[in-house]
Amino acid sequence: MAIQNYMKNLKKKIQQLRNNRENVVILPDIGPDGRSRSATVNRENYTKAITYDKDGKRQQYYDNDQITLEELVKREKRSGFEDYDSQYANNIMKNSRYKDRSAMEPDFDDEFVDYKQWEKKSGKRKKTPQQISQRERKEMIADYQKQSSKEANCYFCFENKKIPKHLLVSLGNLAYLLLPVQPICEGHCIISPIIHQSGGTVSMEADLWLEVNEFMKCITRMNYKKNQGTLFIETFLDTKNDDHSIIECIPLPEKIAADAPVFFKKAISESDSRWTNHKKLYETGPQGARKCLAKSFPYFFVQFGMTFGMAHIIEKKSKFSKSFGLEVVAGIIGNTDFFTEGIQTRPARKDELERTKKFLESWLPFDWTTELDGGEIKEIRDEKTNK
C-alpha cells in the first residue's frame, strides 16, 4: 500500500512539472561555459575613476580596487571574454595582405612586424549596435533551437515523452533515478540529470553534482544493507554528439565486488591504443573524476562504492566501446549472454512495473528525495520503515 501511494505521489509530482511549463521562452544570456554569450561591453555611461585627491595624492591604482574577488568573477562572466587565438586566426583569414614571415625566416622577430598590414580598409562600414544586437539575438535563437532539438530526441531528457515514466523511481530537483529497460543484473539503475547535460560529471555544476553524489551515497547504503558492493560506471565518449550524461549503478556480491578493481585495471590497461599521450590510469577518491580530469576530454570512469575509483582518458574513440564498462561487468558476473543474444525483446509493461515495485521495497528507506516535499511522501516512507 505504501509503495502504491508513493508511486501515485510521484506521478503527481511529474504532472506538476509538466503543468508548470511556460509558453514564453526566455533565451539564456549565459552560455554553457558560464560566460555571457555577448562579448560587447556597454561603455556609454562609463566614467573614469578618480585615483587622486585634491592634494594630488594617489588614493587607488585601479577603479576596481574596492571590489571583492567574487564580484570581479561575476563581472567577468557577465561581460564575456576575448579569445585572442581565434581573433588572431580570423584576422589572418580576413586579411589577404598578411604574410607569415616566420615560416620563411626562422630568425624573424615579432618586434619588426609591419603592423600596417592589419589596418582596416576605409571602404568597410562599422556595424551599428543595433546590427550587433540583432546578430547576437539570431545566434541565441539558433543555439536554443539546436538545444531544444537535442532534448526532444534525447532518451534521458526528462521532457522526452519516450522515457518510460513507470521505471522512474526517484525524482530530485536536478537529477532523477531510473531503472533501465534491459538491466544487466537485479538492482541495476541509472542516475541522470533532468535537463540535457553533457560532458560527464566532470562538467557538472556544483548543485547538480551534489544531487548526483547524494543518489550515489544512498544507493551504496542500500546495497551495503543487502551485503552487496556498488559500481558506478560513466563513459563520456563523443564531444560532438553532445550525449546525455548518465551514471550506471550496478550492485555486486561482496566477494565479487572486492575483486572488481583487479578486473577493471586489467581491462583498462588493454583497452584503447597501446601508446598514449596521457597516463593510462588515474586513481580517484570520493569526488570521482572531477578532481583529476579536465573538462571536454573523452574519458571512462568507474568508482567502487564511495571510496576510490579509476579514470582513463580515451585516446582513440573509434577503438573504445561505449558499453566497455558493462562488458567488463558482464564478464565478472558471468552474464555473457547480455551482449551475445542480439536484439532482445522488451519485457511486458506488467513485468517492468513488478520490477519497479520490488526495487522500491529496498530503495524507499534510503531515498533522500522524500525529504524534498516534507509531507505525504515522507509520511509514507516513515510508515514503510516502521513496519
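The values are calculated or read from the model by the stated rules, or taken from the named source; none is laboratory data. Just so it is clear, the structure is predicted and the values come from calculations on it, not from any experiment. In this analysis, Cβ positions are derived from the backbone assuming ideal geometry, glycine residues included, and neighbour counts consider all displayed protein chains.
Please determine, by comparing only the residues of the stretch 328-387 that are of a type in the set (S, T, Y) and in the same structural domain as C189 (by TED's automatic domain parsing), which one is modelled with the lowest pLDDT. Reasoning before the result, please.
To start, the set of residues in the stretch 328-387 that are of a type in the set (S, T, Y) comprises 336, 340, 345, 356, 362, 369-370, 385.
Remaining after also requiring in the same structural domain as C189 (by TED's automatic domain parsing): 336, 340, 345, 356, 362, 369-370.
On the way: T336: 76, T340: 63, T345: 74, T356: 92, S362: 92, T369: 89, T370: 85.
Checking each candidate, the answer is T340.
How about the stretch 202-221: which of its residues are under 19 Å from C292 (Cα atoms), in contact with a strand residue (DSSP E or B) (Cβ under 7 Å, 6 or more places away or on another chain) and not aliphatic (A, V, I, L, M)?
Within the stretch 202-221, no residue meets the criteria.
Taking strands (runs of 3 or more DSSP E) that fall entirely within the stretch 257-339, which contain at least 2 residues that are of a type outside the set (A, V, I, L, M) and under 22 Å from D243 (Cα atoms)? Outline the logic, then answer.
Working: elements: 282-284, 299-304, 308-313.
Per the criteria, 299-304.
Might you let me know whether the stretch 266-286 holds any residue that is charged (D, E, K, R), at pLDDT below 85, closer than 29 Å to S148 by Cβ and surrounded by 13 or more Cβ atoms within 10 Å (Cβ to Cβ)? Spell out how you get there, then give the answer.
Going residue by residue through the stretch 266-286, those that are charged (D, E, K, R) are 266, 270, 272, 274, 279-280, 283.
Next, only the ones that are at pLDDT below 85 stay: 270, 272, 274, 279-280.
Next, only the ones that are closer than 29 Å to S148 by Cβ stay: none.
Checked against the condition, which is being charged (D, E, K, R), at pLDDT below 85, closer than 29 Å to S148 by Cβ and surrounded by 13 or more Cβ atoms within 10 Å (Cβ to Cβ), the stretch 266-286 yields no hits at all.
With (1) more than 18 Å from the chain's Cα centre (by Cα); (2) without any contact (Cβ under 8 Å) to a residue 60 or more places away in the chain; (3) more than 26 Å from S323 (Cβ to Cβ) as the list, and K161 as the residue in question, which single condition is left unmet?
(3)
If only one of N173, N153 is exposed (fewer than 13 other Cβ atoms within 10 Å of the Cβ), modelled with pLDDT of 85 or more and either farther than 30 Å from T336 by Cβ or touching a His at 6+ places or on another chain (Cβ under 6 Å) (or both), which one is it? I'd like the intermediate steps shown before the answer.
Numbers: N153 fails: modelled with pLDDT of 85 or more.
Residue meeting the stated conditions: N173.
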